[in-house]
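Input: a single structure, listed below in structure tokens.
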């Protein structure tokens, strides 16, 4: 049963580009084995996982993300719980991960139990509307994020989220255009509150991520 998150402490380059997501996505599927659980996850209608990579001591520059001490935190969660163990085993066994020319050394591998909490921080969540424009908190973002959560929950569990579910930013989120595969995507970061739906909604949101393209590194909960 899902409800855990993999946390890997890495030591590597001091600076990476903001396009790190598409590079790491390919590495994740390779580590999970495209002929095994990775292939199953790649073929699902909805993103089955979310992930993030954040520096321990961050510095945000125009052209990239900097870790002042060289340490990075990689987090991964999935509705396919076996993939969490599979990825952990690969990090432990390989001792490092190579992303293009960057080499990250594995320092520590651990698991986090996701608590039943109503408010949690979300990194770079996005919603792409049917007209291919991006939703923001003033144009349906929160309602469409709930719809996405409901659709994912139904798809992966075969059940409906119970009752009314509400999702809203706590305060004003930070917005940023983020490059992904040569396209700029409008994403929002900040604290999110999930109310209604019971513990299932709150834990599932932390596992699956918030919004669209969570399997591309958007909308991860930290």
Practice problem: On a C-alpha basis, how far is the centre of the range 81-99 from the centre of the range 1-46 in Å? Whole number, if you could? | Solution: 9 Å
Practice problem: Calculate, in nm to one decimal, what residue 136 and residue 85 gain on full extension: separation in residues at 0.36 nm each, minus their alpha carbon distance. | Solution: 14.8 nm
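If the chain between residue 45 and residue 99 were fully stretched, how many nm would it gain, using 0.36 nm times the residue separation less the Cα-Cα distance?
Numbers: separation 54, 0.36 × 54 = 19.44 nm, distance 2.63 nm.
Stretched fully, the residue 45-residue 99 segment lengthens by 16.8 nm.
Provide the convex hull volume over Cα atoms per residue for the range 52-172, in Å³.
It comes to 183 Å³ per residue, whole-number rounded.
So for the chain, what are the equivalent ellipsoid semi-axes in whole Å, largest first, each being the square root of 5 times an eigenvalue of the Cα gyration tensor? It would help to have the intermediate numbers written out before the result.
Details: eigenvalues 138, 88, 52 Å².
That gives 26, 21, 16 Å for the three semi-axes.
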Exercise. For residue 92, put the label point 7 Å out on the Cα→Cβ axis and report which residues of the range 12-53 keep their amide N under 17 Å from it.
Key: 32
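Please sort 99-109, 21-31 by packing, taking for each peptide the average over its residues of neighbouring beta carbons within 10 angstrom, highest first.
Working: 99-109: 14.5, 21-31: 16.8.
Per-residue mean Cβ counts within 10 Å order the peptides as 21-31, 99-109.
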Self-check item: Simple spin-label estimate for residue 19 and residue 63 in nanometres, 7 Å along Cα-Cβ
Solution: 1.3 nm
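Please compute the contact order of the chain in relative form: average sequence separation of alpha-carbon pairs under 8 Å and at least six residues apart, divided by the residue count, as a percent. Before the final figure, lay out each step's value.
Working: 475 pairs, mean separation 63.0, N = 222.
Relative contact order here is 28 percent.
In Å, what Kirkwood hydrodynamic radius results for the range 119-221 from the alpha-carbon pair distances? Write out the running numbers ahead of the final one.
On the way: mean 1/r = 0.0735 Å⁻¹.
Across the range 119-221, the inverse of the average 1/r is 13.6 Å.
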Exercise. Using only the Cα atoms of the range 4-113, each taken as one equal point scatterer with no solvent, compute I(q) by the Debye sum, divide by I(0), and report log10 of the ratio at q = 0.12, 0.20, 0.24 Å⁻¹.
Key: -0.40, -1.08, -1.44
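Any read-out appearing in this document is the output of simple, stated calculations on the displayed coordinates, not a laboratory observation. Owing to the predicted nature of the structure, the values given are computational and were not obtained by experimental measurement. Note: ideal-geometry Cβ built from the backbone for every residue, glycine included; neighbour counts use all protein chains shown.
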